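The values are calculated or read from the model by the stated rules, or taken from the named source; none is laboratory data. As the structure is a computational prediction, the values presented were derived from the model and not from experiment. Glycine gets a Cβ as well: all are built from the backbone with ideal geometry, and neighbour counts include every protein chain shown.
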Amino acid sequence: MQTTYDVIVIGGSYAGMAAALQLARGRRRVLVIDGGVRRNRFASHSHGLLGQDGKSPSAIAEEAKAQLLEYPNLTWLQGLVDSAEKTGERFTVTIADNKIGNNTFTAKRLILATGVSDHLPAITGLQDRWGKTVFHCPYCHGYELNEGALGVLAISEASFHQAMLIPDWGPTTLFTNNCFTPNAEQCAQLAARGVTIQTETVTEVAGEQSIIVKLANGRLVELTGLFVASLTQPSNRIAQDLGCEIAESPIGFYIKTDELKQTSVPGVFACGDLARPMGSVTFAIGDGAQAGFATHRSLIFEGH
């Protein structure tokens with residue numbers, strides 16, 4: 001296998017594939033290294049993506065990958081990146097466990113599209129229902145809940161924004177769960193949106209088709225869906241080890257980039273959920289395309 005490329009894309013989900021597509025069509029030598037773990041792997045359907053609404057996430061990704069592999073100047077490698085470093089004017093990427101013989105690759109540019117990991121409150125049953133009856137994005141999942149009873153599980157004051165949004169998809173209860181106490185103005189705004197505020201601690205969530213929220217006082221609240229803003233962080237340390245600047249939002253950490261998706265390290269671009277405070281498949285694809293265009297442009301105008 002060739003070991004030197006114009007660009008190595010680390011991460012082969014929606015953002016990484018969108019970036020790789022632009023570079024492959026620019027007739028550049030591209031290597032995509034993918035660990036095979038998509039952030040939305042827990043969801044059975046993907047919504048809100050124009051032209052693909054309602055398809056399974058795996059079907060969308062598999063079709064995109066098949067189209068990419070039609071380009072002879074693009075190589076796809078399944079594996080996890082162990083390290084990435086800048087060596088002179090090139091970047092060296094090492095695969096942690098590669099059975100094909102070679103595990104070191106170099107490139108003029110790197111695109112990081114490794115995504116983020118979601119961290120949920122430590123409540124029994126919550127993680128098991130993530131992507132099924134527990135969600136983070138009403139635009140992705142709200143319509144299919146058919147205006148049923150909905151809940152918002154607070155993680156911080158940032159949950160106020162989520163609680164204000166959700167009533168457009170169904171009658172809403174905000175479970176403050178000792179994480180957030182709305183002030184008088186916020187209470188008035190929530191009341192105007194018809195939001196019920198529940199201050200009792202949530203001890204467990206259960207249920208299959210619907211979700212049962214169990215409270216410390218023994219009360220059970222049945223919902224069609226529960227929304228919670230997961231706390232996010234980069235899914236690995238590659239960006240930090242390269243020296244990329246990290247930014248913080250109310251719901252987690254992400255890689256800071258300029259408007260062309262270049263990080264604080266020249267030659268390193270980042271896209272998708274890794275490089276924005278809030279994400280969706282639509283944003284990931286747009287971000288990836290921008291990163292691909294900008295990376296191609298940098299190869300022409302900045303040389304090396």
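Quick notes on this one:
- Only strands (runs of 3 or more DSSP E) whose full extent lies in the stretch 190-275 are considered here, and the ones with at least 2 residues that are assigned by TED's automatic domain parsing to the domain that holds Thr92 and surrounded by fewer than 18 Cβ atoms within 10 Å (Cβ to Cβ) are 246-249.
- Failed criterion for Pro167 (all others in (1) in contact (Cβ under 8 Å) with a residue 40 or more places away in the chain; (2) buried (at least 17 other Cβ atoms within 10 Å of the Cβ) hold): (1)
- Members of the stretch 72-97 found to be of a type in the set (A, V, I, L, M) and closer than 17 Å to Val7 by Cβ, listed by number: Leu74, Leu77, Val81, Ala84, Val93, Ile95
- Which listed residue is surrounded by fewer than 21 Cβ atoms within 10 Å (Cβ to Cβ), assigned by TED's automatic domain parsing to the domain that holds Phe91, closer than 21 Å to Phe283 by Cβ and in contact with a His (Cβ under 6 Å, 6 or more places away or on another chain), from Gly26, Gly35, Gly54: Gly54
- Residues located in the stretch 287-304, provided they are surrounded by fewer than 23 Cβ atoms within 10 Å (Cβ to Cβ) and out of contact with any Cys (no Cβ under 9 Å at 6 or more places or on another chain): Phe293, Ala294, His296, Arg297, Ser298, Leu299, Ile300, Phe301, Glu302, Gly303, His304
- If the condition is being touching a residue at least 24 places away in the same chain (Cβ under 8 Å) and either on the phi > 0 side of the Ramachandran plot or not in a loop (DSSP other than H, G, I, E, B) (or both), then the stretch 176-189 contributes Asn177, Gln186, Gln189.
- Yes/no for Ile155 being touching a Pro at 6+ places or on another chain (Cβ under 7 Å), buried (at least 19 other Cβ atoms within 10 Å of the Cβ) and part of a loop (DSSP other than H, G, I, E, B): yes
- Selection within the stretch 75-125 - acidic (Asp, Glu) and modelled with pLDDT of 90 or more: Asp82, Glu85
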